[in-house]
Amino acid sequence: MELGCGLLGGISIACSPNWNGVAGAFFGWMLATLAIIDRDHFWLPDRLNLPLALLGLAIGPAALPDRLIGAAAGFLALASIAAAYRLARGRVGLGQGDAKLLGAIGAWLGWRVLPWVVLAACGIGILWAACGRKGRLDRLPLGTMLAAAGWGTWVIAFA
């Protein structure tokens, strides 16, 4: 974890050697923490998700209106899918932590890149399932994939 966070910080500062790079490093560290927790426990704690969202609204690199829309759109998109799944199947298939995480990523990066974040997370999930030989009923930690895709998108779009 320490080596990974050192690498995230180094890449952030190398890509953007100013305050944006420092913010990107912190964004990456928070996402890495959430990714590890979700991978190990299928849980994205509010005590990390919510400060990440608030900080994104305060200092994210996208324009403030884009960040506000991104926070709402990210949360509502996955919360709607989770509610529809629960209604159709009678069980939880997507946790609210995932919706809150996508909202936090939207608060940092804005709404315009959210489709790319979700698409990249899906690609990561497909690779994870293919390499891990997951069965069709096995759970995958979507938050881990969203976190990786969110930071990667920051590097590509804002660093």
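Assorted remarks:
- Net +/- balance of residues flanking L48 in space, Cβ distance below 11 Å, scoring K and R +1, D and E -1: 0
- Helix 64-89 axis, angle to the chain major axis (alpha carbon atoms, nearest 10°): 10 degrees
- Crossing angle, helix 96-109 versus the chain [Cα axis fit, 0-90 degrees, rounded to tens]: 30 degrees
- Order of M145, M1 under a 10 Å beta carbon neighbour criterion, fewest first: M1, M145
- For segment 2-158, the dipole from Cβ point charges (+1 on Lys and Arg, -1 on Asp and Glu) about the Cα centre works out to 520 debye, to the nearest 20.
- GNM remark for the chain: springs join alpha carbons under 10 Å apart, and the peak mean-square fluctuation among C122, C131, C15 falls on C131.
- Percent of C-alpha pairs per 5 Å bin in the chain, short distances first: 2, 10, 18, 23, 22, 13, 7, 3, 1, 0.
- Alpha-carbon centroids, segment 45-96 and segment 100-159: separation in whole Å: 13 Å
Throughout, read-outs are computed from the coordinates displayed, never taken from laboratory work. Everything numeric in this text was worked out from a predicted model, so none of it was measured. Here Cβ is always computed from backbone atoms with ideal geometry, including for glycine, and neighbour counts include all displayed protein chains.
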